[in-house]
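Only one structure is covered here, and it is reproduced in the block below.
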Amino acid sequence: MRQVVLDTETTGLDPKLGHRIVEIAAVEMQNRRLTGKRFHRYLNPEREIDAKAQEIHGLSADFLGDKSKFRDIASEFLDFVAGSELIIHNAPFDLSFLNAELGLLDMPAIEQHCSFIDTLPMAKTLHPGKRNNLDALCERYAVNNSKRTLHGALLDAELLAEVYLAMTRGQESLIIELEGAGFSSGEIASFERSLKVRRADPDELAAHLAQLEEIDKASRGACLWKA
């Protein structure tokens, strides 16, 4: 399975207000392994950058003045991500900017070129009630983010790739076992797509709740699974 971890930096928060992408980066993973292939460009947004946005990524209008415009790299970028599964943290943000840029060029939306996974709701499901921004996830999964003094699309994409692999490590173990059994990469990708999640039926849920009640009673109300 080919996956591409993607991140962008922008001039502001809302493409509907005319904000644009100033940096875009994508790193490739094949069967959950980083291949070393990447796409990275700084972009001239052809407009001013909000002060708060510049504080976050440190990219100035002067630095970006001689860089390519999105229209110059759009086809190359789409060729890189075509047919892949994009992995994005807070995907609606990046997708809205990508689609705004593609819309200015009368090109189809990014969803017509690839599918995507949003790691933010995934993290919220795994760690409810906790901070789930990229720095917090790096700390939680022991991913070294010491170089992240500012947001940068390439560094953030590389960090997110490591975080995603850590968050989904059970899948990684399954793939290693399949490879060890002599399955080809194509067979593994097909097997991954065929995996189904079996949900607990009402009787199993009732039995689970009864077991929690027993644990809660035995621990005098200290059952963590009920909290």
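The values are calculated or read from the model by the stated rules, or taken from the named source; none is laboratory data. Keep in mind it's a predicted model, so treat the numbers as computed, not measured. Heads up, the Cβs are rebuilt from the backbone with ideal geometry, glycines too, and the neighbour counts pull from every protein chain shown.
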Counting only residues that are under 18 Å from the mean Cα position of the chain (by Cα) and either crowded, with 24+ Cβ neighbours inside 10 Å or assigned to a helix (DSSP H, G or I) (or both), how many does the range 9-26 have? 4
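Residues to consider are 126, 105; find the one that is within 28 Å of residue 74 (Cβ to Cβ) and either outside the structural domain of residue 12 (by TED's automatic domain parsing) or not β-branched (Val, Ile, Thr) (or both). If you could, list the steps in order and put the result at the bottom.
Values: 126 fails: within 28 Å of residue 74 (Cβ to Cβ).
Exactly one of 126, 105 is within 28 Å of residue 74 (Cβ to Cβ) and either outside the structural domain of residue 12 (by TED's automatic domain parsing) or not β-branched (Val, Ile, Thr) (or both), namely 105.
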Test: residue 220 is modelled with pLDDT under 75, closer than 30 Å to residue 24 by Cβ, exposed (fewer than 14 other Cβ atoms within 10 Å of the Cβ) and out of contact with any helix residue (DSSP H, G or I) (no Cβ under 8 Å at 6 or more places or on another chain): no
Can you pull out the residues in the range 118-153 that are touching a residue at least 40 places away in the same chain (Cβ under 8 Å), assigned to a helix (DSSP H, G or I) and under 27 Å from residue 60 (Cα atoms)? 134, 153
Odd one out for residue 164 among (1) at pLDDT below 75; (2) assigned to a helix (DSSP H, G or I); (3) among the aromatic types (Phe, Trp, Tyr): (1)
